[in-house]
Amino acid sequence: QVQLVESGGGLVQPGRSLRLSCVASGSIFKSNAMGWYRQSPGKQRELVATITNIGVTTYATSAKGRFTISRDNAKNTVYLQMNSLKPEDTAVYYCNTWPRPRNTWGQGTLVTVSS
(Lines give C-alpha, C1' and ligand atoms only; values in the text may rest on other atoms or scores of the structure.)
Protein backbone atom coordinates (compact mmCIF):
# COMPACT_ATOMS: atom_id res chain seq x y z
CA GLN A 1 0.00 0.00 0.00
CA VAL A 2 1.31 3.43 -0.94
CA GLN A 3 1.47 6.00 1.80
CA LEU A 4 1.92 9.66 1.04
CA VAL A 5 3.13 12.13 3.65
CA GLU A 6 3.21 15.80 2.77
CA SER A 7 4.96 18.49 4.78
CA GLY A 8 6.36 22.00 4.55
CA GLY A 9 3.22 24.11 4.52
CA GLY A 10 2.62 27.12 6.69
CA LEU A 11 1.55 30.74 6.87
CA VAL A 12 3.52 33.09 4.66
CA GLN A 13 3.16 36.62 3.39
CA PRO A 14 2.50 37.31 -0.28
CA GLY A 15 5.68 37.26 -2.32
CA ARG A 16 7.47 34.82 -0.05
CA SER A 17 8.48 31.22 -0.73
CA LEU A 18 7.80 27.74 0.62
CA ARG A 19 9.16 24.33 -0.21
CA LEU A 20 6.82 21.39 0.13
CA SER A 21 7.96 17.80 0.45
CA CYS A 22 6.15 14.52 -0.06
CA VAL A 23 7.53 11.16 0.94
CA ALA A 24 5.91 8.20 -0.75
CA SER A 25 6.28 4.68 0.53
CA GLY A 26 6.46 1.71 -1.70
CA SER A 27 8.30 0.89 -4.85
CA ILE A 28 5.57 2.48 -6.91
CA PHE A 29 7.16 5.91 -6.53
CA LYS A 30 10.18 5.10 -8.65
CA SER A 31 8.20 3.89 -11.65
CA ASN A 32 5.44 6.49 -11.67
CA ALA A 33 5.00 10.08 -12.56
CA MET A 34 4.01 12.16 -9.56
CA GLY A 35 1.91 15.24 -9.22
CA TRP A 36 1.22 17.99 -6.76
CA TYR A 37 -2.44 18.83 -6.37
CA ARG A 38 -4.19 21.44 -4.28
CA GLN A 39 -7.66 22.11 -2.96
CA SER A 40 -8.92 25.48 -1.85
CA PRO A 41 -12.01 25.87 0.34
CA GLY A 42 -15.15 25.37 -1.70
CA LYS A 43 -13.25 24.30 -4.80
CA GLN A 44 -12.38 21.02 -6.44
CA ARG A 45 -8.93 19.57 -6.18
CA GLU A 46 -6.74 20.74 -9.03
CA LEU A 47 -3.46 19.64 -10.53
CA VAL A 48 -0.58 22.03 -9.97
CA ALA A 49 2.51 20.33 -11.38
CA THR A 50 3.71 16.94 -12.55
CA ILE A 51 7.02 15.18 -12.96
CA THR A 52 7.74 11.89 -14.71
CA ASN A 53 10.11 9.28 -13.36
CA ILE A 54 12.83 10.74 -15.61
CA GLY A 55 12.21 14.34 -14.65
CA VAL A 56 9.98 15.74 -17.36
CA THR A 57 7.78 18.40 -15.80
CA THR A 58 4.52 20.17 -16.56
CA TYR A 59 2.79 23.02 -14.75
CA ALA A 60 -0.64 24.49 -14.47
CA THR A 61 -0.88 27.97 -15.93
CA SER A 62 -1.21 29.41 -12.43
CA ALA A 63 2.07 27.79 -11.38
CA LYS A 64 4.26 28.44 -14.40
CA GLY A 65 7.25 30.61 -13.69
CA ARG A 66 6.69 30.52 -9.93
CA PHE A 67 6.65 26.84 -8.89
CA THR A 68 9.25 24.15 -9.52
CA ILE A 69 8.59 20.45 -9.05
CA SER A 70 11.46 18.03 -8.53
CA ARG A 71 12.02 14.53 -7.22
CA ASP A 72 14.66 12.47 -5.50
CA ASN A 73 14.08 8.84 -6.42
CA ALA A 74 16.64 7.64 -3.89
CA LYS A 75 14.57 9.23 -1.13
CA ASN A 76 11.11 8.47 -2.58
CA THR A 77 10.45 12.19 -2.27
CA VAL A 78 8.89 14.79 -4.51
CA TYR A 79 9.26 18.51 -3.85
CA LEU A 80 7.41 21.65 -4.81
CA GLN A 81 9.34 24.89 -4.57
CA MET A 82 6.85 27.74 -4.53
CA ASN A 83 8.08 31.29 -5.07
CA SER A 84 6.25 34.61 -5.33
CA LEU A 85 3.29 33.18 -3.48
CA LYS A 86 -0.09 34.84 -3.87
CA PRO A 87 -3.18 34.75 -1.67
CA GLU A 88 -4.90 32.63 -4.31
CA ASP A 89 -2.29 29.92 -3.72
CA THR A 90 -3.88 29.30 -0.33
CA ALA A 91 -4.93 25.66 -0.27
CA VAL A 92 -4.20 22.23 1.09
CA TYR A 93 -1.50 20.69 -1.08
CA TYR A 94 -1.30 16.98 -1.79
CA CYS A 95 0.94 14.72 -3.80
CA ASN A 96 -0.11 11.59 -5.59
CA THR A 97 0.68 9.60 -8.67
CA TRP A 98 -0.21 11.11 -12.03
CA PRO A 99 -2.11 10.90 -14.32
CA ARG A 100 -4.11 8.38 -12.27
CA PRO A 101 -4.01 9.29 -8.58
CA ARG A 102 -4.20 6.47 -6.11
CA ASN A 103 -7.44 6.18 -4.19
CA THR A 104 -5.65 6.84 -0.90
CA TRP A 105 -4.49 10.42 -0.39
CA GLY A 106 -2.23 11.77 2.30
CA GLN A 107 -3.33 14.31 4.86
CA GLY A 108 -1.97 17.16 2.79
CA THR A 109 -0.13 20.23 3.97
CA LEU A 110 -1.86 23.57 4.42
CA VAL A 111 -0.42 26.62 2.73
CA THR A 112 -1.86 29.97 3.75
CA VAL A 113 -0.72 33.10 1.97
CA SER A 114 -1.81 36.19 3.80
CA SER A 115 -0.48 39.49 5.02
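Can you work out D for the chain in µm² s⁻¹ from Stokes-Einstein, where Rh is the Kirkwood radius over C-alpha pairs, the temperature is 37 °C and the viscosity is 0.692 mPa s? Translational D for this selection: 236 µm²/s.
Database remark: amide H of A49 closer than 5 angstrom to the amide H of W36, A60 (H placed geometrically; neighbours at sequence offset of 5 or more, or on other chains; Pro and chain starts carry no H).
Taking a straight Cα-Cα cut-off under 16 Å and skipping sequence neighbours fewer than 8 places away in the same chain, the lysines within cross-link reach of K64 are K86. Annotation: amide H of C95 within the under-5 Å range of Y37, G106, sequence separation 5 or more or interchain, hydrogens built in the peptide plane.
What is the sum of charges around N53, taking Lys and Arg as +1, Asp and Glu as -1, for the other residues whose C-beta is under 10 Å from the C-beta of N53?
+2
The calculated 222 nm mean residue ellipticity attributable to helices in the chain amounts to -500 deg cm²/dmol, summing -39500 (n - 2.57) over DSSP H runs of n ≥ 4 and dividing by all residues. Summed over the residues of the chain and divided among them, the accessible surface reaches 53 Å² per residue at a probe radius of 1.4 Å. The residue among G42, Q13, V23 whose Cα reaches farthest toward the positive pole of the charge dipole of the chain, with charges on the beta-carbon of Lys, Arg, Asp and Glu, is V23.
What a 1.4 Å probe finds exposed on the chain is 49% carbon and sulfur by accessible area, rounded to a whole percent. Spin-label pair K86-T104: with each label point 7 Å from Cα along the Cα-Cβ axis, the two points sit 3.6 nm from one another. Descending by average beta-carbon neighbour count within 10 Å, the peptides 9-18, 72-81 line up as 72-81, 9-18, the highest first.
The values are calculated or read from the model by the stated rules, or taken from the named source; none is laboratory data. Computed from a predicted structure; not experimentally measured. Note that we place each Cβ from the backbone using ideal geometry, even for glycine, and neighbour counts take in every protein chain shown. Note: accessible area is taken over every heavy atom of the protein model, side chains too, but ligands, DNA and RNA are not part of it. Shrake-Rupley method; radii C 1.70, N 1.55, O 1.52, S 1.80 Å.
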